[in-house]
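To keep things clear, I will list the structure first and then write my remarks on it.
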Amino acid sequence: MPVTNDVYDQLKIDKLKHFLEAQAEKGQARPFEIFVDNLKVVSKTDDPKEFDSYEFYMNEDTEKIRILIYNSNLSPRNDQYCYMVQRNKTEKPLNGLGDIEGIIQEKLAARDREHEMNRLREELEAAREEITETEEYAKKLEKEIECLKENKFKLGNINLGELASVAIEGIVRRNPQMLAKIPGGETLAGIIEQDNRDKEKMLPETPAAESQVRVEKEPMAEMTDDEKRHLAYLRKLEQTFSREQAEQFNSVLSAMIDDPSLIPGIIGFLKQKQ
């Protein structure tokens, strides 16, 4: 049975209490007893909540506190911790409250340190949780950025780049003379005109009147207002919509195409929002 003798130190006593609490939390509670001088003030128990009840029996005449911690309820073996409050009662000053006040102050200081440590632990845990959340949010943003890069030119299931290229190809084929205005574009314009003629030859023969009408059409010198408006519209969609907004817009547009009767209702809703 090891015996530890030491001067009274509230911090050391609190450590014993924390040890008993930790063992109880693990399901390995250790029985203990506490004596103030020769009086057993805490009978043998394994409930750490009973530990602090010894303080009620301390006063200015207290000489020592003895704490026994048993190995188990079935074993008498124990560790003893004896803390001397006063070495010799005869040496006690006339004002016997001096020592007990010092003990109280020391105990209060120890508890303040304990509260401060608990506060710091809570702040550390909160900081760790915040870091974890920040890292998860950063990973989510990285995935969204990669997704946006992959779908930068898509409006729902429509590839804006392909749509724009088809529109521009149609404009250029109808107006190959536009390329002639670009340095070095005469050759490309000639190639496109020849390709258009070849495609016309492959078409089935038409009545002379219709052929004459087609021949007499004057080539347009520049893009029409409708064509310019269509290109500007495509650019505006690409610059304005996010991927999610583009998909939502595409869904609304598809619904209106399938059921034009929805259009008045949508317009009325927009007017109400204004």
Next item on the list: Please go through the range 36-64 and pick out each residue that is assigned to a strand (DSSP E or B) and in contact with a helix residue (DSSP H, G or I) (Cβ under 8 Å, 6 or more places away or on another chain).
Entry: Val36, Leu39, Val41, Val42
Next item on the list: Answer yes or no: is there a residue in the range 68-77 that is of a type in the set (A, V, I, L, M, F, W, C), modelled with pLDDT under 90 and within 25 Å of Leu108 (Cβ to Cβ).
Entry: no
Note to self: Of the residues Glu106, Glu123, Glu130, only one is open to solvent by less than 100 Å² (accessible area, probe 1.4 Å), out of contact with any His (no Cβ under 8 Å at 6 or more places or on another chain), of a type in the set (D, E, K, R) and at pLDDT 85 or above; which?
What the structure shows: Glu123
Item checked: Qualifying positions in the range 226-274 - surrounded by 13 or more Cβ atoms within 10 Å (Cβ to Cβ), free of Cβ contacts under 8 Å to residues at least 60 places away in the same chain and either more than 30 Å from Cys147 (Cα to Cα) or among the hydroxyl-bearing types (Ser, Thr, Tyr) (or both) -> Leu262
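For every residue, the table says whether it meets (1) open to solvent by less than 70 Å² (accessible area, probe 1.4 Å); (2) in contact with a Phe, Trp or Tyr (Cβ under 9 Å, 6 or more places away or on another chain); (3) modelled with pLDDT of 90 or more; (4) more than 24 Å from Ala110 (Cβ to Cβ).
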| position | (1), (2), (3), (4) |
| --- | --- |
| Leu20 | yes, yes, yes, no |
| Asp37 | yes, yes, yes, no |
| Asn88 | yes, no, no, yes |
| Lys92 | yes, no, no, no |
Note to self: Would you confirm, using the coordinates I've provided, whether Tyr81 is among the hydroxyl-bearing types (Ser, Thr, Tyr), out of contact with any Gly (no Cβ under 6 Å at 6 or more places or on another chain), within 21 Å of Asp6 (Cα to Cα) and modelled with pLDDT of 80 or more?
What the structure shows: yes
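The values are calculated or read from the model by the stated rules, or taken from the named source; none is laboratory data. Treat the numbers as computed from the prediction; the structure is a model and nothing was measured. Positions of Cβ are backbone-derived with ideal geometry, glycine not excepted, and every protein chain shown enters the neighbour counts. Just so you know, the surface numbers come from the protein's heavy atoms only, side chains and all, with ligands and any DNA or RNA stripped out. Shrake-Rupley method; radii C 1.70, N 1.55, O 1.52, S 1.80 Å.
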